[in-house]
Amino acid sequence: MGYNPGTAVDSSVRDYDPQAIERKWQERWQATRAFEVAEDPDRPKFYCLVMFAYPSGHAHVGHVRNYMIGDVVARTRRMQGHNVLHPFGWDAFGLPAENAAIKHGTHPERWTLDNIAHMKGQLQRLGISYAWEREFATCERDYYRWNQWLFLRMFERDLAYRQRSTVNWCSSCETVLANEQVVDGACWRCATEVGTRDLNQWFFRITRYADALLEGADQLDQWPEQVLTMQRNWIGRSAGALVRFPVIAAERGGEEDSIEVFTTRIDTIYGATAVLLAPEHPLADRLAAATADPAAFAARLEGFRGLDRTARTTGQIEKEGFDTGRSARNPFTGEPVPIWIANFVLADYGTGAIMAVPAHDQRDFEFARKYDLSVRVVVQPAGEPALSGAELDAAAAAYGVLVDSGPFSGLPSAQAIRKMTEAAERDGTGRGAVQFRLKDWGISRQRYWGTPIPIIYCDACGTRPVPDADLPVELPRVERFSGRGDSPLAEVAEFVETACPSCGGPARRETDTMDTFVDSSWYYYRYCDPRNEDQPFDPRKVAYWGPVDFYSGGIEHAILHLIYSRFFCRVLNDIGLVAHDEPFTRLLTQGMVLRNGAVMSKSKGNVVDPDDMLATYGADTLRLYEMFVAPPEREIEWTDAGLEGSYRFLGRVWRLVVAFCDAAPAAPPIDAVTLEAADRALRRRTHDTIRRVSTDIDVRIHLNTAVSALMELVNELYGFCARERIGAGAAADGAGRPPRPAAVAAAREAIEALVLMLSPFVPHLSEELWEALGHADGVVAAGWPVCDEAAVRAEEVVVPVQVNGRLRARLTVAVDTPQEVLEALALEHPHVGAHTSGKRIMKVIVVPRKLVNVVAR
RNA sequence: GCGAAAGUGGCGGAACUGGCAGACGCGCCGGACUUAGGAUCCGGUGGCCGAGAGGCCAUGGGGGUUCAAGUCCCCCCUUUCGCACCA
């Protein structure tokens, strides 16, 4: 059986011709809709997902690395008999489209659709096995209408609400940003420093799920620990107590108001020598009004409020404050303590007020030293000399034993926290409470290219949801974009002016659009049922496919997309649309591709376009290179030399298999021949490779070592075929005896396993060779090779012999050589004797099949 | 400052539970085949000493545990990432 290529490849072309092969197989996959799937309860499902793409224009080799990783996993699972859903789509709303419109006059939709068309072509030329018939773009009416539908369900549950508040404002993007989208005080997208604005905004009440998201994280044992840590930090749960400090009235000495503070260290409350208010605290203005010089007071407040926001929240400003002249009563000591305004107290965490315990909190300590507030030690660190407030040079923040704390003196901190919280609850001055760093998710965006928020404002009826029957609220066609001012939708009178769904009177539509992270929070469910016109998706279909078994993408989404999606999953669970709690079972965060030490980007001019690589080497070489160069999590430095090496390897595989097909007669089945030692050795290598590659792909996802194992098998096969005069080896040897049938059988087994295991990495080449080997049905029908444990078992092993831990000799022995024999052989060895002569042999460590170590002194 | 991960040949990287450090690839050196080789095939390639057999040194640095350490423990250095006035 010679090499018998399919239709598109000229059989006279014997060299590896990736362009022809890749065209042939891509056309065939498309014609046969090879990767389309349907629910099938009889087969195990596998949902393999990569983060969908923002259609920025061109994919570079850094973007596609992720898609290749997903494709290796998907193709492997498919061969292992799983029903694999492997979809792709487009995160198509967003600012760049609108900015392009402002700059070049193209409509955002045109720009987006053109980019999608181009990038889709790029991905198809890479031969990634997507179920393309499920593709969608989030800017499609049939997608974003379900954003609106889901928004309304959240509105009904009080999970979507509108509030005026101080929000992050990016002056470059001309829109609001959620807290998650501010990185080091700058916009996550454009790096412009973020300012603030007071605006009416829509929020999703993600804080209601704070504890659930935290607890759920504990179940995510197949997520990188780093991502979970980031999420836990972001949620920032802290348990403590709310305690009220009554404000002592200016006249008479009665009590009027009270200041509630949050503390995690109620055990230090006997040392609370001041109450500090954030400049924005509501009481601050009232206290100002009551002072002798309200204008001066107010001016100082304004000074604090106007400080740089980032500096204020990151500790980069000098701690400053001023005395309000008023006092509050410490509910535990009964003593009056001064009320100060302090610039480092955050208005939007806890209650915006704290009790200052200078002896036991470093920030309070610095503040107290500066303004000469009293420092009172109430917790003594265990086993250390007693502290005194006057001598401290830093706060003693550690837990210890309480002193000078009335009835609580003598208690250790942990116990004191419990008892003092109970005491506060009993006498009504406080209660245990939990605070989160996590804030509600602000989703209003003052931009055009997004999902309109389905809300109508009526002067008579107030804020009304758009009825489901009126969905979608379509994004109107806007032709000119200035990039200035309010939401562009506010300019479109036909859009804004509408009728109230409740009273029918004149009303106005909401003109903000939704954050595009709303789109990406549930798109993975839509893939399960992408054309559903009655609901976002059929819950039964999601029950079959969900949750996502394998999800791969960049770590930059650790606390953006990945936390929003987990939130959405739980909301959808509450609504009854999904049955699971967590959307992504296994997460892989892939490393970026660098060039000249920098992330590829258009502005740096260091992008490598996959199309250029395809023209020279073909998709398979590019795929193999990106998988081989490093484990998926690690970032890689692009090198052309590495690509060349991968190309050479594929040429080597091609020649090996083609020569085998040309020269070898049909092989008898492996169990019908008598194998010689060389054949058994090859089989051992074959089946060991199957085992290694299988675990490297499925368990560890170390695709680089999977590839190197396959390279070793190829090297082995070259030697074997030459020695046995099979294929190319026979030609070199000239005419002679035909190869032994057992050797051909072993070689065929190895070559077939090789081609099958290569197919997730280099699918075009593998399909072509599989066909050449005489199989008409493709690699998926053939299935993933199975490791024969009996064949792996070695007959002989090389056992290293050490003297005092240093290698001195090697013994080649039968695998089952008993311990005593190993020991005797080791001691007899002349090299061992040379190093033990004149010494006493203390003991001999024998690890059967592994090692002998002679200890001599 | 706090926390996490990492540091291995000229380079990318292997080494799974402590058991032959450097798999595999790139690069480099040599050989074969050749009019030719930047194709292909075969071989070599951590450093130092040695003609050789062989020996010594070697996984960022320093200590330790162990028959045995890249792997475990302690201290330090460097890099990357995350957190950083959250009371």
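The values are calculated or read from the model by the stated rules, or taken from the named source; none is laboratory data. Remember, predicted model here, so these are calculated numbers, not experimental data. Using ideal geometry, Cβ is built from the backbone for each residue, glycine included, and neighbour counts are taken over all protein chains shown. For the accessible areas, the whole protein counts, side chains as well, though only heavy atoms, and no ligand, DNA or RNA atoms are used. Shrake-Rupley method; radii C 1.70, N 1.55, O 1.52, S 1.80 Å.
Some notes on this structure:
- At R0 = 35 Å, FRET efficiency that the Cβ-Cβ distance of residue A:807 and residue A:633 yields, to 0.05: 0.55
- Rg and Dmax of the stretch A:238-434, Cα atoms only, in Å: 16.5, 52
- Chain A, accessible surface, carbon-and-sulfur percent (1.4 angstrom probe): 49 percent
- Between residue A:27 and residue A:793, the distance separating the two model label sites (each 7 Å from Cα on the Cα→Cβ line) works out to 5.1 nm.
- These residues, A:75, A:300, go from largest to smallest accessible area, 1.4 Å probe, as A:300, A:75.
- Note on the stretch A:230-298: Cα Rg divided by 2.2 N^0.38 Å, N the number of residues, gives 1.44.
- Cα gyration tensor, chain A - rounded (a/c under 1.5), prolate or oblate: oblate
- Report summary: the helix-based calculation at 222 nm, which adds -39500 (n - 2.57) for every DSSP H run with n ≥ 4 and divides by the residues of chain A, gives -11500 deg cm²/dmol.
- Cα-centred dipole magnitude for chain A, charges only on beta-carbon of K, R (+1) and D, E (-1), debye, nearest 20: 1780 debye
- Calculated from backbone phi, Karplus (6.51, -1.76, 1.60) coupling profile of the stretch A:223-232 in Hz, x at Gly/Pro: 10, x, 4, 4, 5, 5, 4, 4, 5, 5
- Treating each Cα of the stretch A:523-577 as an identical point scatterer and summing with the Debye formula, the log10 of I(q)/I(0) at q = 0.15 Å⁻¹ comes to -0.47.
- Looking at the stretch A:443-523, the GluC sites (Glu not before Pro) that sit in a DSSP loop and have at most 16 other Cβ atoms within 10 Å of their own Cβ are A:474, A:479.
- Think of the stretch A:681-777 as having a plus end and a minus end, set by charges on the Cβ of Lys, Arg, Asp and Glu; of A:709, A:755, A:743, A:743 sits farthest toward the positive end of this dipole.
- Over the stretch A:640-792, the pair-distance histogram of Cα-Cα distances with 10 Å bins from zero comes to 11, 42, 37, 10, 1 percent, rounded to whole numbers.
- The rule of thumb for compact globular proteins, 2.2 N^0.38 Å, goes into the C-alpha radius of gyration of the stretch A:20-133 1.21 times.
- At full extension, residue A:532 and residue A:491 could sit 11.5 nm farther apart than now, given 0.36 nm per residue minus the alpha carbon distance.
- Globularity ratio of the stretch A:496-630, using Cα Rg and 2.2 N^0.38 Å: 1.50
- Proximity of backbone amide H atoms, modeled 1.01 Å from N, is registered between residue A:344 and A:320 at under 5 Å, excluding neighbours fewer than 5 places apart on the same chain.
- Accessible area per residue in Å² at 1.4 Å probe, computed on chain A: 43 Å²
- Solvent-accessible area of residue A:784 with every protein chain in place, 1.4 Å probe, in Å² to the nearest 10: 30 Å²
- Lysine pair count for chain A with Cα-Cα distance under 24 Å and sequence separation of 8 or more or different chains is 6.
- Residues residue A:691 and residue A:711, FRET efficiency given R0 of 25 Å [Cβ-Cβ distance, rounded to 0.05]: 0.95
- Integer Hz, Karplus 6.51/-1.76/1.60 couplings in order for the stretch A:543-552, x for Gly and Pro: 5, 6, 7, x, x, 4, 7, 9, 10, 10
- Scanning residues 5 or more positions from residue A:376 or on other chains, those with amide H under 5 Å from its amide H are A:359, with H placed 1.01 Å from N in the peptide plane.
- Cut-off under 5 Å, modelled amide H: who pairs with residue A:433 long-range: A:240, A:241, A:242
- Taken one residue at a time, the phi angles of the stretch A:37-49 give Karplus couplings (6.51, -1.76, 1.60, θ = phi - 60°) of 9, 9, 4, 8, x, 7, 10, x, 8, 9, 9, 10, 10 Hz. Gly and Pro are set to x.
- Label zone at residue A:786, where the point sits 7 Å out along the Cα-to-Cβ direction: the stretch A:675-717 residues whose backbone N lies under 16 Å: A:687-688, A:690-691, A:694
- When the surface is traced with a 1.4 Å probe over the full set of protein chains, residue A:360 keeps roughly 10 Å² accessible.
- Applying the criteria of a DSSP loop state and at most 15 other Cβ atoms within 10 Å to the trypsin sites (Lys or Arg not before Pro) of the stretch A:483-583 yields A:484, A:531.
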